[in-house]
Amino acid sequence: MDMMKKVPVREQDPAVRAANFEEVCLGYNKEEAQAEALRCLQCPKPLCVQGCPVSINIPGFIAKIKEDDIPGAYAVIGESSTLPAVCGRVCPQETQCEGRCVRGIRGEAVSIGKLERYVADTARVMGVRPEGAKEKRSQNVAVIGSGPAGLACASDLAKLGYGVTIFEALHKAGGVLSYGIPEFRLPKEKVVDREIENVKSLGVVIETNVIIGKSVTIDELMEKEGFDAVFIGSGAGLPKFMHIPGEQALGVFSANEYLTRSNLMHAYEKGSRTPIYRAKKAVVVGGGNVAMDAARTARRLGAEVHIVYRRGEEELPARREEVGHAKEEGIIFDLLNNPVEILTDENGWVNGVKCIRMELGEPDASGRRSPVAVPGSEFVIDCDCVIMSLGTSPNPLISSTTKGLDVTKRGGLVTNEENEMTTREGVFAGGDAVTGAATVILAMGAGRKAARGIDEYLRKRNA
Ligand code: FAD
Ligand code: SF4
Ligand code: SF4
């Protein structure tokens, strides 16, 4: 075995998987996981832990894999994370834990994400479940939204003994894990539903089809419904558009709508009653994880797919693994191009995207080189579908229907960094609703931090 390289992970063949929605990565088996665990040097000052936003004791759980003590490994991860099966699959490891692993200096980093996923998946098969509260507390907390932030906050509060009810606007819990990230990257029944069951097993009640701000307001929850504190984990689900001519045409979708139809409403399944447009040639605009997911979904639905992104390959914000998988599945990357107009036929249906070529200029405030249009370089990509994947922002519904909630210019809720309390006493927030679109692990970490803040607040209030 070459100790400089990761133990390769088994994957579905690209030619086969480009036509199905089953999980692409098949994960490690016991022998593979143990061989990969042996590559960990058990560093006394592990840099990988510094790279993980929730500081999982990585050498600690890997040592337990070496001993084949999976419940032990699961317990070590559980000290810092409530969603290991999810994060092991979707974290941008190359810029976080694995990006700091010393093995990566001369060879390949330890495959921390795949090992974390192995522990979580094996623990599920073994029936390992999180431990519930030892004593009950009399106060109740309302959690708005059932994405990673809400689920993490709710489960930590339930473990502390509080009565917790999650209110979810959609008919199914999970947030982006259910409606955004496709089945081929994050299986719903095996992983997401299981995480939700774990949260429910702690006594958390999940009420779906309740839109806070329409069905009931936060003020009513606190003043009339007997909740002592509220956590807002409502995410950032409002899609952004380019505001270019033709964007209202038939055949133009936001990635959110397109993915929700496919993931949550199962439009891709034979016999599904949810309509979805099966394009011949689709253009996906954007370069993040959402763009990759939309592109790979359109590919599986039979389209030739082009990704149009205004910067270059280096600047693609998506996880490296997703970019690699997308290329293997035949997605065409038209980089350093920017759409300027969507062209339509006489029936108002998309029939092309006019783009202009870009060059990279000086670095902007984010440190990335800014794209600059090359005059006179316009060209047209013929297509019958355009999927806009330009990012999302928090929906203003909750902030506009609740007294005393301040928001930033970008629409994120203002919170106190210490405990995640908003500008309204007793109301806390975390995840994409505060930061704007970010990552699962950051949302989960914020949910846990807010749970600690809520516990402290309620204990002080009761003292
Ligand atoms: P969400 O997951 O958005 O959950 C918010 C929940 O609140 C939703 O269920 C919503 O319906 C509900 N809600 C909203 N308003 C109300 C209301 N008024 N009343 C009641 N309920 C409400 N991150 C990664 O780390 N890796 C990836 O590979 C990755 N890929 C992604 C792919 C896609 C397609 C998308 C969209 C995002 C991806 N992300 C990824 C980002 C990540 O999923 C989010 O950062 C994360 O889910 C945010 O969690 P959250 O709990 O804050 O919000
Ligand atoms: Fe790495 Fe994410 Fe796991 Fe942390 S939670 S160790 S960043 S995969
Ligand atoms: Fe193991 Fe790499 Fe972390 Fe060192 S930095 S403890 S080798 S995973």
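Before moving on, here are some points about what is shown:
- Selection of region 296-326 for residues being among the aliphatic types (A, V, I, L, M), under 21 Å from Val440 (Cβ atoms) and away from ligand 1 (no atom under 11 Å from the Cβ) yields Leu316, Val323, Ala326.
- Condition met for Ala154 (open to solvent by less than 10 Å² (accessible area, probe 1.4 Å), touching a residue at least 40 places away in the same chain (Cβ under 8 Å) and within 16 Å of ligand 3 (Cβ to nearest atom)): no
- Scanning region 174-217 for residues that are farther than 21 Å from Tyr74 by Cα and of a type in the set (Asp, Glu), we see that the one that is farthest from ligand 2 (Cβ to nearest atom) is Glu207.
- Residues of region 282-303 that are open to solvent by 10 Å² or more (accessible area, probe 1.4 Å), closer than 20 Å to Met265 by Cβ and part of a helix (DSSP H, G or I): Val290, Arg299, Arg300.
- Region 239-260, residues that are within 24 Å of Ile212 (Cβ to Cβ) and open to solvent by less than 70 Å² (accessible area, probe 1.4 Å): Pro239, Ser254, Asn256, Leu259, Thr260
- Selection from region 361-385 of residues that are part of a strand (DSSP E or B) and among the charged types (D, E, K, R): Glu362, Arg369, Asp382
- Of all residues in region 121-151, those satisfying the criterion of being open to solvent by 10 Å² or more (accessible area, probe 1.4 Å) and closer than 18 Å to Gln34 by Cβ are Asp121, Thr122, Val125, Met126.
- Failed item, numbered, when Asn209 is tested on (1) open to solvent by 30 Å² or more (accessible area, probe 1.4 Å); (2) away from ligand 1 (no atom under 16 Å from the Cβ): (2)
- Single residue of Lys45, Lys64 found to be within 14 Å of ligand 3 (Cβ to nearest atom) and exposed (fewer than 14 other Cβ atoms within 10 Å of the Cβ): Lys45
- Residue list for region 307-320, restricted to those being surrounded by fewer than 23 Cβ atoms within 10 Å (Cβ to Cβ) and touching a residue at least 60 places away in the same chain (Cβ under 8 Å): Arg310, Arg311, Arg319, Arg320
- All positions within region 194-212 that are in contact with a strand residue (DSSP E or B) (Cβ under 9 Å, 6 or more places away or on another chain) and assigned to a loop (DSSP other than H, G, I, E, B): Leu202, Gly203, Val204, Thr208, Val210, Ile211
- So Ala154, is it within 30 Å of Lys224 (Cα to Cα) and in a loop (DSSP other than H, G, I, E, B): no
Conditions tested, residue by residue: (1) aliphatic (A, V, I, L, M); (2) more than 12 Å from ligand 1 (Cβ to nearest atom).
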{"site": "Val119", "(1), (2)": "yes, yes"}
{"site": "Val128", "(1), (2)": "yes, yes"}
{"site": "Glu135", "(1), (2)": "no, yes"}
{"site": "Ser138", "(1), (2)": "no, yes"}
{"site": "Pro148", "(1), (2)": "no, no"}
{"site": "Cys153", "(1), (2)": "no, no"}
{"site": "Ala158", "(1), (2)": "yes, yes"}
{"site": "Ala169", "(1), (2)": "yes, no"}
{"site": "Val191", "(1), (2)": "yes, yes"}
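- Region 397-407: number of residues that are surrounded by 13 or more Cβ atoms within 10 Å (Cβ to Cβ) and either part of a loop (DSSP other than H, G, I, E, B) or not β-branched (Val, Ile, Thr) (or both): 4
- Qualifying residue in region 265-275 (condition: of a type in the set (Ser, Thr, Tyr), touching a residue at least 60 places away in the same chain (Cβ under 8 Å) and under 27 Å from Ala443 (Cβ atoms)): yes
- Tabulated pairs, region 111-137, first of a type in the set (Ser, Thr, Tyr), second within 16 Å of ligand 2 (Cβ to nearest atom) and part of a loop (DSSP other than H, G, I, E, B), C-beta under 9 angstrom, 6+ apart or interchain: Ser111/Lys6; Ser111/Val9; Ser111/Tyr28; Ser111/Arg39; Tyr118/Tyr28
- Some residue of region 107-126 being away from ligand 2 (no atom under 16 Å from the Cβ), modelled with pLDDT of 95 or more, part of a loop (DSSP other than H, G, I, E, B) and not β-branched (Val, Ile, Thr): yes
- Counting only residues that are part of a helix (DSSP H, G or I), charged (D, E, K, R) and surrounded by 24 or more Cβ atoms within 10 Å (Cβ to Cβ), region 417-454 holds 1 of them.
- Test: Thr344 is out of contact with any Ser or Thr (no Cβ under 9 Å at 6 or more places or on another chain) and either at pLDDT 95 or above or open to solvent by less than 80 Å² (accessible area, probe 1.4 Å) (or both): yes
- Exactly one residue out of Val199, Val204, Val191 is closer than 21 Å to Glu321 by Cα and either buried (at least 20 other Cβ atoms within 10 Å of the Cβ) or within 22 Å of the chain's Cα centre (by Cα) (or both): that is Val191.
A quick yes/no check of all residues on (1) under 22 Å from the mean Cα position of the chain (by Cα); (2) of a type outside the set (A, V, I, L, M, F, W, C); (3) closer than 15 Å to Glu328 by Cβ; (4) open to solvent by less than 30 Å² (accessible area, probe 1.4 Å):
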{"site": "Met4", "(1), (2), (3), (4)": "no, no, no, no"}
{"site": "Val7", "(1), (2), (3), (4)": "no, no, no, yes"}
{"site": "Glu11", "(1), (2), (3), (4)": "yes, yes, yes, no"}
{"site": "Pro14", "(1), (2), (3), (4)": "no, yes, yes, no"}
{"site": "Asn29", "(1), (2), (3), (4)": "no, yes, no, no"}
{"site": "Ala33", "(1), (2), (3), (4)": "no, no, no, yes"}
{"site": "Gln50", "(1), (2), (3), (4)": "yes, yes, no, no"}
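- Selection within region 81-100: residues that are over 13 Å from the mean Cα position of the chain (by Cα) and open to solvent by 20 Å² or more (accessible area, probe 1.4 Å). The member of this set that is modelled with the lowest pLDDT is Thr82.
The values are calculated or read from the model by the stated rules, or taken from the named source; none is laboratory data. The model shown is predicted, which means the values in this text are computed figures rather than measured ones. In this analysis, Cβ positions are derived from the backbone assuming ideal geometry, glycine residues included, and neighbour counts consider all displayed protein chains. Accessible surface is based on the protein model in full, side chains and every heavy atom, while ligands, DNA and RNA are left aside. Shrake-Rupley method; radii C 1.70, N 1.55, O 1.52, S 1.80 Å.
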